[in-house]
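Remarks on the structure that follows.
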Amino acid sequence: MAEAALKTVPLDKARALQWLQKYGVYAGVALLLVVNIAITPHFLSAENFRTQAVQVAPVIIVALGMALVIGTEGVDLSVGAVMALAASVTALYLGYGLVPALLVVAVFAAAVGLANGALVALVGVQPIVATLALMVGGRGVALVLLPQLEDLRNPQLASLGSGDVLGIPYLILIAAALALLVAFVVRRTTFGRQLLAIGDSRPAAQLAGLPVRRVLILVYVICALLAAVAGVLATARLQASDPTSLGNLMELSAITAVVVGGTPLTGGRVNIAGTVAGAVLIQLLTATLIKHDLPPSWTQIAQAVVIVAAVYAARGRGKR
């Protein structure tokens, strides 16, 4: 009887851990919603939900690209610098029109992603080292192009940052559309399957004849382009270009959202719905602390606790 009870305890613990791995991020979001409804004044107002959604949209977009990179067992620390670079380039070329400025931003972002991908796939540099170099260099280039904050007065850019469709801001619609697109790519395309196979085992993918180098380079380019989109949207919302502060610590927020959302750092799997929920969780946690007048340092401590809890829950999850 005692022996049967001892066997049941580890089994129940394993089931609880498995449930936490799959649904913990959603439970965390639900818990924060309930807590805020109970203790935060005006939390249920439409204006508050709109504000929270607009603020989290750039984080979601960056986290989508980060999820793809982590799915290959890599990491991209340069996403914040790419956001700053996008802001600088937007300010410099906006005089030629919004569309030409966005095209130039895409070229700069693709160049950063190409450099990251080439260092990882062709040279064999560890992703954390390769993207760390571009993190420092990219923000340096952004500051050379635009050394200080610059106000932007452009009707098209203002509409992108504050416009809406049926009351839903463009930022939210763009983030939702990109999330659906990335989820489709991961689940339904050959590229998505190759990405996961490389993350699961790069040597095996090479032996199977998969275009490992090409896929890796493309993943880093996509990640950089998504970071640039987030940078342009953040610039449009603020109506100002500030390469000094825009995107600071965004790489940590994106990694947190991805890990909390259930994508293992060991690669081989990408959870897009969980990544979106992870970004929402971090946003709600930050907003809760701010609304109750706690200093920003508590937000960083809370994020650290969330990361540790997510990594603990992910023990033994492994690859696909």
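The values are calculated or read from the model by the stated rules, or taken from the named source; none is laboratory data. Every value quoted in this text rests on a predicted model; they were computed, and no experiment measured them. Reconstructed Cβ throughout: ideal geometry from the backbone, glycine too, with neighbour counts over all protein chains shown. Calculation scope for accessible area: heavy atoms of the full protein, side chains included, ligands and nucleic acids excluded. Shrake-Rupley method; radii C 1.70, N 1.55, O 1.52, S 1.80 Å.
Annotations
- Unique match (being aliphatic (A, V, I, L, M), at pLDDT below 90, touching a Lys or Arg at 6+ places or on another chain (Cβ under 9 Å) and assigned to a helix (DSSP H, G or I)) among Leu17, Leu11: Leu17
The rows are residues; the columns are (1) under 22 Å from Asn271 (Cα atoms); (2) of a type in the set (Gly, Ala, Ser).
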{"site": "Leu32", "(1), (2)": "yes, no"}
{"site": "Val62", "(1), (2)": "yes, no"}
{"site": "Leu98", "(1), (2)": "no, no"}
{"site": "Leu102", "(1), (2)": "no, no"}
{"site": "Ala111", "(1), (2)": "no, yes"}
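- Conditions (1) β-branched (Val, Ile, Thr); (2) within 18 Å of Leu246 (Cα to Cα); (3) surrounded by fewer than 17 Cβ atoms within 10 Å (Cβ to Cβ): number failed by Val141: (3)
- Residue count, the range 82-122 (criterion: surrounded by fewer than 16 Cβ atoms within 10 Å (Cβ to Cβ) and among the β-branched types (Val, Ile, Thr)): 2
- In the range 24-57, the residues that are open to solvent by 50 Å² or more (accessible area, probe 1.4 Å), in contact (Cβ under 8 Å) with a residue 60 or more places away in the chain and more than 14 Å from Ala287 (Cβ to Cβ): Tyr26
- Evaluation of Ala63 against the conditions (1) closer than 30 Å to His292 by Cα; (2) touching a residue at least 12 places away in the same chain (Cβ under 8 Å); (3) surrounded by fewer than 24 Cβ atoms within 10 Å (Cβ to Cβ) shows that the sole unmet condition is (3).
- Restricting attention to the range 246-290, the residues that are without any contact (Cβ under 8 Å) to a residue 60 or more places away in the chain and hydroxyl-bearing (Ser, Thr, Tyr) total 2.
- Just one of the listed residues (Gly24, Gly65) is modelled with pLDDT under 90 and within 19 Å of the chain's Cα centre (by Cα), namely Gly24.
- Meets criteria (assigned to a helix (DSSP H, G or I), in contact with an Asp or Glu (Cβ under 6 Å, 6 or more places away or on another chain) and closer than 13 Å to Leu134 by Cβ) for Gly80: yes
- Restricting the range 282-300 to residues that are aliphatic (A, V, I, L, M) and either open to solvent by 20 Å² or more (accessible area, probe 1.4 Å) or within 16 Å of Thr40 (Cα to Cα) (or both), the residue that is farthest from the chain's Cα centre (by Cα): Leu294
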